[in-house]
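A short worksheet on the structure shown next.
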């Protein structure tokens, strides 16, 4: 799959500021049942499978997404591994992969080793307390799949708390609940830069 696509389409796209806008999820006490549920979500180490219906769907999605990220990740193999991991972890958490790409754009500007002033780490700017709370203290939050697993699980948790209200869930994710700036930035990035229209005949809708 890593060698699946040869990109020939040039796409002009304005991405986020190189500095990103990483915030800081806030520590909140969790019930034992919630902690156990989140721990299971983090610790499940099932062998990844592509979260597509078939290879044609995977090819179409990568063909659409890969050129948009080429300026940030010039190496095709690295870029496609990143995109497939985003897609897998987002789908696993019941999230739209394009939403997750928009969030990463705003949080870290696609910088693997980004660290915010509050100490949030990696692509999805995960606060270290989460590793101790629901995972393991030695989890490396700069590791691609680990970072995306935590970030997607946390966003799913906030969506559940907010009963599906994405605007409020995004505010919680950034530690800015009640303020419009951050949710609006993510929504703008999602719909402006990462919107995906499946090819005709595909059953996938985004």
For segment 32-193, what is the convex hull volume of the alpha-carbon atoms per residue, in Å³? 123
Residue order, fewest to most beta carbons within 10 Å, for 124, 65, 73: 73, 65, 124
Obtain the nm distance between the two label points defined at residue 143 and residue 162 by a simple spin-label model: each point lies 7 Å from its Cα along the Cα-to-C-beta direction. 2.9
Take segment 71-160, compute every pairwise Cα distance, and split them into 5 Å bins from 0; I just need the percent in each bin. 3, 15, 26, 28, 19, 8, 2, 0
For peptides 173-184, 135-146, sequence by mean Cβ density within 10 Å, most packed first: 173-184, 135-146
Using a 7 Å offset from the Cα along the Cα-to-Cβ direction at both residue 200 and residue 56, what is the distance between the two label points in nm, to one decimal? 1.3
Would you mind ranking 134, 161 so that the residue whose beta carbon has the fewest other beta carbons within 10 Å leads the list? 161, 134
Could you work out how much longer the chain between residue 184 and residue 96 gets when fully extended? Use 0.36 nm per residue separation minus the Cα distance between them, nm to one decimal. 30.0 nm
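No lab work stands behind these numbers, since they all come straight from the coordinates. For clarity, every value in this text was computed on a predicted model and none was experimentally measured. Quick reminder, even Gly has a Cβ in these numbers, built from the backbone with ideal geometry, and neighbours come from all protein chains shown.
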